[in-house]
Amino acid sequence: MDIAQLVADYHQAVYRYAYRLTGSVEDAEDLTQQAFLVASGKIGQLREEGSAKAWLFAILRNDFIKQCRKNSPIPAVDLELNVDHVPEVVDEQEIDQQRLQQALNELPPDYRAVVLMFYFENLRYREMAEILGVPMGTIMSRLARAKDALRGRLLEAEKGEKTREPNGPHFPARSQVS
């Protein structure tokens with residue numbers, strides 16, 4: 001398989017994943033382009049055509065994490081999440097995609113990556129731990145905290161919409177998420 005075929009087959013999927021990671025059209029375009037550039041240089045590492053999508057997602061995710069670590073790491077102690085007060089149940093109704101993306105953008109990059117690896121790539125805890133080079137307990141903790149933070153932000157946005165103020169829905173700061 002050559003790079004042109006990979007781009008033709010997987011560009012949309014890679015771009016969607018990049019957009020979920022970055023939350024920005026411009027950043028997603030840059031990250032997608034970078035992923036395919038890296039893939040073109042490492043095309044010989046692709047052993048099975050059936051695993052091309054997962055291989056491209058791994059390249060994309062690794063580039064995203066590298067960029068985030070270069071920019072500004074966020075210490076976990078700054079999150080101030082109180083998981084004892086997280087709502088238990090979220091309505092099964094459809095979630096507004098813009099609200100979801102905004103809530104994802106508010107997560108620290110390490111948490112966002114784990115959420116997307118779990119839901120978008122369908123990876124298991126052990127696989128994520130191996131890929132990211134952290135203990136499986138760290139993966140479980142990051143995923144639980146990220147899901148709780150997302151749930152809290154989305155519920156808060158829903159409440160804000162019901163009692164909408166003139167300025168629109170309010171998303172709490174990280175320190176206000178409970």
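The values are calculated or read from the model by the stated rules, or taken from the named source; none is laboratory data. As the structure is a prediction and not an experimental result, all values here were calculated from the model. Glycine gets a Cβ as well: all are built from the backbone with ideal geometry, and neighbour counts include every protein chain shown.
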Restricting to segment 134-153, name every residue that is hydrophobic (A, V, I, L, M, F, W, C) and over 17 Å from Y119 (Cα atoms). V134
Of the residues that make up segment 93-107, is at least one surrounded by 15 or more Cβ atoms within 10 Å (Cβ to Cβ), at pLDDT 90 or above and part of a loop (DSSP other than H, G, I, E, B)? yes
Which residue out of L60, L31 is touching a residue at least 24 places away in the same chain (Cβ under 8 Å), touching a helix residue (DSSP H, G or I) at 6+ places or on another chain (Cβ under 6 Å) and either outside any helix (DSSP H, G or I) or within 20 Å of E127 (Cβ to Cβ) (or both)? L60
Of the candidates R142, R153, the one satisfying the condition of being crowded, with 16+ Cβ neighbours inside 10 Å and modelled with pLDDT of 90 or more is R142
State which residue pairs qualify: first residue free of Cβ contacts under 8 Å to residues at least 24 places away in the same chain and inside segment 125-150, second residue surrounded by fewer than 19 Cβ atoms within 10 Å (Cβ to Cβ) and of a type in the set (S, T, Y) in any location, beta carbons under 7 Å apart, and separation of 6 or more residues or different chains. M136/Y125; M140/Y125
Which one of these does F171 not meet: (1) surrounded by 14 or more Cβ atoms within 10 Å (Cβ to Cβ); (2) at pLDDT below 90; (3) over 16 Å from E106 (Cβ atoms)? (3)
